[in-house]
Each structure stands twice: as C-alpha cells, then as structure tokens.
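The values are calculated or read from the model by the stated rules, or taken from the named source; none is laboratory data. From a predicted model like this one, the values you see are computed outputs, not experimental measurements. Note that each Cβ is placed from the backbone with ideal geometry, even for glycine, and that neighbours are counted across all protein chains shown.
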Amino acid sequence: MDLTQIQHAIETLSTEKQMALLDWLTERDRRQWDAEIEADFSRGGAGMDLLDRVKAEIHRGESVPMGNGR
C-alpha cells in the first residue's frame, strides 16, 4: 500500500477512528522520541559531549543551572 492509498483509507474512517489513529501515532512518536533522548544521553551517546561541555561551563561559573535562576 502506498502513501496515497493510506491517506485515502484514513479519510474514509469515522471521526472517532481518525482520533484513535491520531492518539496512537502521537503515543508512538512520543515513545520513539523518549528512546532517542535516552540513547543520546546514555554513556557513549551523541548528547554526552554537549552535556559534559555544559557541566564544565557551570563548574567554571560561566553559566548557572536553570533552577538556580540569575
């Protein structure tokens, strides 16, 4: 089934079923995003270098954690 066929099939669904599909897609996207963030900020993840740089800036007094205010 190609994208056009899927779109057409969705348009034929009742409003309730379209909303259920939207809820499912939203939850699926949230789970994928959570998994990506978890992977990025786990040991060896792509975000760890950034996190280490931010921690170093805080340690040097160049910035403060958001919870501490200005």
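Structure summary
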| item | result |
| --- | --- |
| Subset of region 22-70 (residues that are in a helix (DSSP H, G or I), among the aliphatic types (A, V, I, L, M) and under 19 Å from the mean Cα position of the chain (by Cα)) | Leu22, Leu25, Ala35, Ile37, Ala39, Met48, Leu50, Leu51 |
| Positions within region 8-21 being surrounded by fewer than 10 Cβ atoms within 10 Å (Cβ to Cβ) and assigned to a helix (DSSP H, G or I), in sequence order | Glu11, Thr15, Glu16 |
| Cross-chain or 6+ apart pairs with Cβ under 9 Å, region 1-12 first and within 16 Å of Trp24 (Cβ to Cβ), then in a loop (DSSP other than H, G, I, E, B) | Ala9/Met1 |
| Cβ pairs under 9 Å, 6+ apart, first in region 49-61 and modelled with pLDDT under 90, second of a type in the set (A, V, I, L, M) | Ile58/Val64 |
